[in-house]
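Let me begin by presenting the structure, written as structure tokens, before commenting on it.
The values are calculated or read from the model by the stated rules, or taken from the named source; none is laboratory data. Everything numeric in this text was worked out from a predicted model, so none of it was measured. Please note: Cβ atoms are built from the backbone with ideal geometry, for glycine as well, and neighbour counts cover all protein chains shown.
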């Protein structure tokens, strides 16, 4: 996801009694949910327990972890499967641990989470990737697992007396399928989320992805709410979406020879298609 993202949920955005308010200028008059995107990422290094906890303290109803898998199959929260830009991995592991992999068709050389065990990743510390934001907390916080994130939202919910949800993104489903097997990522994710929150459409969970086929698969195995993310390269001067690879279309469309773009998914017929498997769409804010 980009730095600022808005989810336009087609189904109800109710996440428990705490959101049961009316009178807002929304589709159903209910209060919009507040999502801590990567946590409070303007104040702490993104995707750390400290960033998520601060977002909750600031009033977030949901926290949004991007999920990737380690070499030994654990979910960790990172914006990308590469570790170089958001951790101190380069100062702790030799350059020989770098590898070159194709991510959405683009060759990338970096330290990949899938080449490190969870024990190794737990030796790393997060850094702030945005130079315009405070660097004061670099090197302080561990890389969290999904299990740790679930414990955090549940314990904070009890402490604050309100429901706090989780809004995980399945990062690069095709990439992970090539490493671990088709839908292994999704199957393991569902097992953990169902165990923690139950398999219901009212669970305080939204699962999101920029790809389509994995959401279609998830729709067949869970009642949890699903969100089709919408990407593009930028916004043109006339307000249209700039459709430049690799942000032009869902990457599974590229692999499967489907010519439809993200813009096509926002047409009447495209939204009808998305409605067949997802509960909402999540466009980049400038597209609104």
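Miscellaneous remarks
- Conditions (1) more than 21 Å from residue 163 (Cα to Cα); (2) at pLDDT 95 or above; number of the one not met by residue 63: (1)
- Residue count for region 207-222 satisfying the condition of being crowded, with 16+ Cβ neighbours inside 10 Å and in contact with a helix residue (DSSP H, G or I) (Cβ under 8 Å, 6 or more places away or on another chain): 10.
- Test: residue 228 is in contact with a helix residue (DSSP H, G or I) (Cβ under 7 Å, 6 or more places away or on another chain), at pLDDT 95 or above, assigned to a strand (DSSP E or B) and closer than 20 Å to residue 277 by Cα: yes
- Residues satisfying the stated conditions in region 94-147, i.e. under 22 Å from the mean Cα position of the chain (by Cα), surrounded by 17 or more Cβ atoms within 10 Å (Cβ to Cβ) and part of a helix (DSSP H, G or I): 113, 114, 115, 118, 121, 146
- The numbered conditions (1) in contact (Cβ under 8 Å) with a residue 12 or more places away in the chain; (2) under 18 Å from the mean Cα position of the chain (by Cα) are all true for residue 191 except (1).
- Hits in region 76-92 - residues which are part of a strand (DSSP E or B) and either surrounded by 23 or more Cβ atoms within 10 Å (Cβ to Cβ) or modelled with pLDDT under 95 (or both): 76, 77, 87
- Scan of region 152-186 for residues that are closer than 14 Å to residue 62 by Cα, assigned to a helix (DSSP H, G or I) and out of contact with any strand residue (DSSP E or B) (no Cβ under 6 Å at 6 or more places or on another chain), ordered by number: 152, 154, 155, 156, 157, 160
- Long-range neighbours under 7 Å by Cβ, at least six apart or interchain, first residue in contact (Cβ under 8 Å) with a residue 60 or more places away in the chain within region 207-221, second assigned to a helix (DSSP H, G or I): 212/252; 212/253
For (1) crowded, with 19+ Cβ neighbours inside 10 Å; (2) touching a residue at least 12 places away in the same chain (Cβ under 8 Å); (3) on the phi > 0 side of the Ramachandran plot, each residue gets a yes or a no:
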position: 196; (1), (2), (3): no, yes, no
position: 205; (1), (2), (3): yes, yes, no
position: 224; (1), (2), (3): yes, yes, no
position: 238; (1), (2), (3): no, no, no
position: 241; (1), (2), (3): yes, yes, no
position: 255; (1), (2), (3): no, yes, no
position: 275; (1), (2), (3): no, yes, no
position: 283; (1), (2), (3): yes, yes, no
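- Flag if residue 47 is crowded, with 16+ Cβ neighbours inside 10 Å, at pLDDT 95 or above and at positive phi: yes
- Selection within region 48-73: residues that are out of contact with any helix residue (DSSP H, G or I) (no Cβ under 9 Å at 6 or more places or on another chain) and outside any strand (DSSP E or B). The member of this set that is nearest to residue 122 (Cα to Cα) is 48.
- Verdict on residue 243 being within 24 Å of residue 52 (Cβ to Cβ) and either out of contact with any helix residue (DSSP H, G or I) (no Cβ under 7 Å at 6 or more places or on another chain) or modelled with pLDDT of 95 or more (or both): no
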